[in-house]
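Read-outs: derived from the displayed coordinates by stated rules, not from any lab. Computed from a predicted structure; not experimentally measured. Note: ideal-geometry Cβ built from the backbone for every residue, glycine included; neighbour counts use all protein chains shown.
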Amino acid sequence: MRLFSKLFLIMIALGAMGLGLLALRQQRYEVSNEISRAHNRIVEQERAQWRMRADVARRSDPADIRNYASKLKLELIPAGESTVLAATPAEGALGEQAVTTVVSSEVAPKVVAAKKTRGSKSSTTGKAKAGTRER
């Protein structure tokens, strides 16, 4: 009788461990499925974003942008120049007295220099080593 009770307890313990293992496996599958669904949502949102960007680019005509900027009395500045001054309205464009000095002459070179340093991620030779990934 004593041997039978020990055997019964061992069987119960093995069954509990098996059920625990099955529960952990099921949880892992559910988490994996949730990650996969989240990834698919991200991919779909990125696709929608690119579709919207393409639609905006298709609808944006440089002549229309120039006309709209002239209506608002905005001065268009080429992209290579300081972005701080790019959206500066002309004096009186907003129905008020605009500040004549928006940015000092020292700030604009710093903005350009900051852009140049952000873009350079390579090593000192200008080329990354083979098999390495830069962050």
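One table, with the values for the structure above:
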{"item": "Residue list for segment 1-33, given a label point 7 angstrom along the Cα-to-Cβ vector of N40 and an amide N cut-off under 11 Å", "result": "33"}
{"item": "Computed P(r) (all Cα pairs; segment 1-60; 10 Å bins; percent)", "result": "19, 19, 15, 15, 12, 9, 6, 4, 1"}
{"item": "Global geometry of segment 37-78, whether rounded, prolate or oblate, following the gyration tensor of its Cα atoms and the 1.5 cut on a/c", "result": "prolate"}
